[in-house]
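First up is the structure itself, then whatever we jot down about it.
The values are calculated or read from the model by the stated rules, or taken from the named source; none is laboratory data. Just so it is clear, the model here is predicted, and its values are computed rather than measured. Methodologically, a virtual Cβ is constructed for each residue, glycine included, from the backbone with ideal geometry; neighbour enumeration extends over all protein chains shown.
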């Protein structure tokens with residue numbers, strides 16, 4: 001296990017950040033941290049890191065004695081025809097960002113390291129994973145839950161940090177960790193946005209210039225739903241209609257789903273109440289973007 005050094009000169013942060021590619025090395029290192037009384041922060045990613053990921057790392061570094069980032073494009077969460085092969089990758093750039101954020105260790109395993117044999121065991125979170133994203137991408141959350149369960153098993157007792165941009169993913173992972181009594185605290189961190197409100201995502205690079213101009217319609221649609229609620233609307237169907245109307249005005253956008261739901265269950269009662277989450281998924285050409293925001297109704 002040797003320190004990683006950038007190709008060009010010295011970078012700010014921890015010059016002795018470790019890059020490892022095997023599971024036994026990680027377990028040995030994290031067990032040593034905990035034996036010495038240290039706490040561990042885990043930031044799972046698929047790489048091609050941006051400021052949103054950096055904010056997760058910053059939270060993990062601030063909260064814990066030792067922070068590990070994982071960089072692994074997980075094939076289990078991609079359905080046939082999705083963008084597994086073309087998913088953006090830039091490991092050297094990712095490592096530079098990790099160094100700058102003060103990360104202690106990066107696990108960047110191969111597919112064979114993570115899945116050395118054919119996978120016959122998968123993790124399924126039933127009800128909550130069948131909604132919304134689960135309806136559009138039926139295999140997705142089984143792939144997410146399986147790889148995250150494996151990462152939690154590798155890391156052991158820790159805090160793990162996820163961006164709130166994929167609110168349903170946070171809910172699925174929290175439910176899984178709770179139901180399986182995993183020694184992991186799942187921490188949700190705020191969405192980081194571009195100057196025009198578009199949520200940061202590794203997939204934003206797929207957008208054409210015209211699509212990128214229209215993509216902030218997701219933020220505007222969320223704002224329309226929040227405005228309706230602030231004006232007294234409690235019917236989820238009416239709130240969803242206000243959001244969908246904004247997307248309909250974007251000529252290059254195709255709505256996948258829009259939802260006004262209770263934040264904890266991701267389902268809608270007859271009238272919205274308590275903590276509410278607005279979620280949507282939209283296609284711009286071959287690029288599928290998700291976003292969400294929330295409010296509390298007193």
Notebook entry, point to check: Taking the stated definitions as given, is residue 279 in contact (Cβ under 8 Å) with a residue 60 or more places away in the chain and farther than 30 Å from residue 82 by Cβ?
Noted result: no
Notebook entry, point to check: Among the numbered criteria (1) surrounded by fewer than 20 Cβ atoms within 10 Å (Cβ to Cβ); (2) free of Cβ contacts under 8 Å to residues at least 60 places away in the same chain, which single criterion is violated by residue 202?
Noted result: (2)
Margin query: For region 179-199: of the residues being touching a residue at least 40 places away in the same chain (Cβ under 8 Å) and outside any loop (DSSP other than H, G, I, E, B), which is farthest from residue 152 (Cα to Cα)?
Written below: 199
Next item on the list: Would you be able to tell me the number of residues in region 223-264 that are surrounded by fewer than 16 Cβ atoms within 10 Å (Cβ to Cβ) and either in contact with a strand residue (DSSP E or B) (Cβ under 6 Å, 6 or more places away or on another chain) or modelled with pLDDT under 95 (or both)?
Entry: 2
Margin query: For region 248-272, give me each residue that is more than 23 Å from the chain's Cα centre (by Cα) and under 24 Å from residue 209 (Cα atoms).
Written below: 248, 249, 250, 251, 252
Item checked: Matching residues in region 77-130 - criterion: being more than 17 Å from the chain's Cα centre (by Cα), more than 21 Å from residue 29 (Cα to Cα), touching a residue at least 60 places away in the same chain (Cβ under 8 Å) and part of a loop (DSSP other than H, G, I, E, B) -> 79
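Residues that are more than 15 Å from residue 166 (Cα to Cα) and surrounded by 20 or more Cβ atoms within 10 Å (Cβ to Cβ): does region 286-298 have at least one? First the steps, then the outcome.
Filtering region 286-298 for residues more than 15 Å from residue 166 (Cα to Cα) gives 286-287, 295-298.
Subset that is surrounded by 20 or more Cβ atoms within 10 Å (Cβ to Cβ): none.
No, there is no match, as no residue in region 286-298 is more than 15 Å from residue 166 (Cα to Cα) and surrounded by 20 or more Cβ atoms within 10 Å (Cβ to Cβ).
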Notebook entry, point to check: Only one of these conditions is not met by residue 146: (1) within 14 Å of the chain's Cα centre (by Cα); (2) crowded, with 19+ Cβ neighbours inside 10 Å. Which number is it?
Noted result: (1)
Margin query: I'm checking my understanding of the structure. Among residues of region 205-216 that are in a helix (DSSP H, G or I) and without any contact (Cβ under 8 Å) to a residue 40 or more places away in the chain, which one is surrounded by the most Cβ atoms within 10 Å (Cβ to Cβ)?
Written below: 212
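Looking at the structure I just gave you, is residue 242 under 23 Å from the mean Cα position of the chain (by Cα) and not assigned by TED's automatic domain parsing to the domain that holds residue 149?
Answer is no for this residue.
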Next item on the list: Kindly provide the set of residues from region 3-40 that are crowded, with 17+ Cβ neighbours inside 10 Å, farther than 25 Å from residue 111 by Cβ and modelled with pLDDT of 95 or more, ordered by number.
Entry: 33
Item checked: Condition met for residue 135 (in contact with a helix residue (DSSP H, G or I) (Cβ under 6 Å, 6 or more places away or on another chain) and either under 24 Å from residue 178 (Cβ atoms) or surrounded by 14 or more Cβ atoms within 10 Å (Cβ to Cβ) (or both)) -> no
